[in-house]
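Working notes, structure below.
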Amino acid sequence: MSSARRIKLLLLYAPDWIITLTLAAAFFLLDLVDGFRREFSLEDTSLRYPFAVHERIPTFALYMIAVVSPLVVMALVNVVTVRSWWDFHNATLGAILGLALTGAVTQVVKLTVGRPRPDILDRCQPPAGLSDPPYQLSNSTICTQTNVAIMRDGFRSFPSGHSSLSFAGLGFLAFYLAGKLHLFDNKGYAGKAWISIVPFLAAALVAVSRTMDYRHHWQDVIVGAILGAVLAYFSYRQFYPSLASKKCQHPYVSRIQLEDTVILPTHNLHTFRESLDDGDHVTYSDRNDGLVEILPRSETGRVERI
C-alpha cells in the first residue's frame with residue numbers, strides 16, 4: 001500500500017476514532033455529575049443491605065475484564081487466524097465503539113433515573129429512630145453521611161454499569177469468535193458453541209457479583225446485560241457481516257477500496273471489481289452478504305479494465 005493510500009485511509013477513518021474516543025471521554029466526565037436522587041422509604045427492606053467497602057470486582061478489574069482482555073484476545077486470534085491489519089483495526093474500533101456507546105448510555109440513564117442502591121440506607125446513615133413523613137417518602141437531605149462521593153454513587157443503581165460494560169466488551173469478543181469459527185455454518189460443532197459462549201459466561205459472573213456486593217437490584221443487572229449485549233452486536237455489525245454469512249470471518253472492505261473500484265458485470269449473482277491502482281489483484285464481491293474480498297488474479301482469471 002502506497003503512503004498516499006495510507007494517508008487517505010487514515011483520514012477516512014479519523015472521524016470514527018474521534019467520535020468514539022469522545023464518547024469514551026463523556027463516559028468518564030459524566031461520572032462527576034451529581035444526578036437526580038429519587039426519594040425512598042426508610043421502611044423499604046430492599047434498601048437495608050450493608051455497604052461493601054471492598055467490592056469483588058472493583059473498577060480497575062472491570063476495565064481489565066471488559067476492555068483490555070477482549071482487545072488482547074482478538075489481537076491474538078487475529079495473529080493465529082487471518083493475520084490481517086485491517087481485521088485488527090475493525091475489531092479494535094468496533095469493540096471500543098460498543099464500549100463507548102454502552103458507557104455513555106449507561107451513565108446518562110443512571111443520572112436521570114437516580115434509583116437508590118440496595119445499600120443506600122447504610123450509605124445515608126439517617127438519624128436513629130427517624131421515620132418517613134406521613135403519607136410521604138424520605139429523601140437524601142436526611143442523611144448524615146459526609147462523604148460526597150459515597151452519597152453521589154448511592155443513587156446510580158439503574159442500570160448496572162459493571163453489567164452493561166462487561167456484556168459490551170466480552171459480548172463483542174463473543175461475536176468476533178463466533179465469526180472466526182463460523183459458528184452458524186449449519187454443521188453443529190459443540191466446541192465452537194462453547195468457545196463462543198465463554199465470554200458471555202464471564203460477563204454474567206461480573207454482573208452477578210454486583211448483586212453479591214449489594215450494589216445493584218436484580219433488575220439493574222438484567223437491563224445492563226441486555227443493553228451491553230445489544231450495543232455490542234450493533235457495533236459488531238458496523239464492521240462485520242452477519243454470523244450466518246459464508247464470509248463472516250472477514251471484516252467489511254475499507255471505504256477507500258469501495259471508492260477506487262470499477263464494477264464489471266458477470267453472468268451470475270456475483271460481481272467482480274478490479275482495483276484501479278493494483279493490476280495484480282481483483283476484488284471479489286458477493287452481493288448476497290455485501291462482503292468484498294481481495295483475490296490474486298490467478299484465482300479469478302483475466303479481467304480487463306473498463
Exercise. So Leu181 clears everything in (1) surrounded by 21 or more Cβ atoms within 10 Å (Cβ to Cβ); (2) in contact with a Gly (Cβ under 9 Å, 6 or more places away or on another chain) except one condition, right? Which one?
Worked result: (1)
Exercise. List the pairs whose first member sits in segment 220-233 and is surrounded by fewer than 19 Cβ atoms within 10 Å (Cβ to Cβ) and modelled with pLDDT of 95 or more, whose second member is among the β-branched types (Val, Ile, Thr) and outside any helix (DSSP H, G or I), and whose Cβ atoms are under 8 Å apart, counting only residues at least 6 apart or on separate chains?
Worked result: none
Problem set entry | Listing of helices (runs of 4 or more DSSP H) fully contained in segment 103-221 that carry 1 or more residues being touching a His at 6+ places or on another chain (Cβ under 6 Å) | 190-212
Problem set entry | Enumeration of residues in segment 23-54 that are in contact (Cβ under 8 Å) with a residue 40 or more places away in the chain and more than 30 Å from Gln125 (Cα to Cα) | Leu23, Ala24, Ala26
Seminar exercise, completed: Per the filter on segment 13-54, residues among the aromatic types (Phe, Trp, Tyr) and not in a loop (DSSP other than H, G, I, E, B) are Tyr13, Trp17, Phe27, Phe28, Phe40
Exercise. So Met74 clears everything in (1) aliphatic (A, V, I, L, M); (2) under 30 Å from His217 (Cα atoms); (3) part of a helix (DSSP H, G or I) except one condition, right? Which one?
Worked result: (2)
Problem set entry | Test result for Ser41, in the same structural domain as Phe200 (by TED's automatic domain parsing) and within 19 Å of Phe158 (Cβ to Cβ) | yes
For this session: Any residue in segment 178-206 that's in the same structural domain as Gly228 (by TED's automatic domain parsing) and under 19 Å from Ala244 (Cβ atoms): show its pairings with residues that are buried (at least 20 other Cβ atoms within 10 Å of the Cβ) and among the hydroxyl-bearing types (Ser, Thr, Tyr) at Cβ separation under 6 Å, as long as the two are six or more apart or on different chains.
Result: Ala178/Ser196; Gly179/Tyr240; Leu183/Ser196
Exercise. Before we move on, is Gly161 crowded, with 20+ Cβ neighbours inside 10 Å and farther than 13 Å from Asp220 by Cα?
Worked result: no
Exercise. Of all the residues that make up segment 115-151, how many are of a type outside the set (Phe, Trp, Tyr) and surrounded by fewer than 18 Cβ atoms within 10 Å (Cβ to Cβ)?
Worked result: 22
Seminar exercise, completed: Filtering segment 3-21 for residues that are of a type outside the set (Lys, Arg) and in contact (Cβ under 8 Å) with a residue 12 or more places away in the chain leaves a count of 7
For this session: For segment 270-284, state whether one or more residues are more than 29 Å from Leu183 (Cβ to Cβ), assigned to a helix (DSSP H, G or I) and modelled with pLDDT under 85.
Result: no
Exercise. If you check Ile18 against the conditions, is it loosely packed, with under 14 Cβ neighbours inside 10 Å and modelled with pLDDT of 90 or more?
Worked result: yes
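The values are calculated or read from the model by the stated rules, or taken from the named source; none is laboratory data. Keep in mind it's a predicted model, so treat the numbers as computed, not measured. Counting neighbours? That spans all protein chains shown, and the Cβs are built from the backbone with ideal geometry, glycine included.
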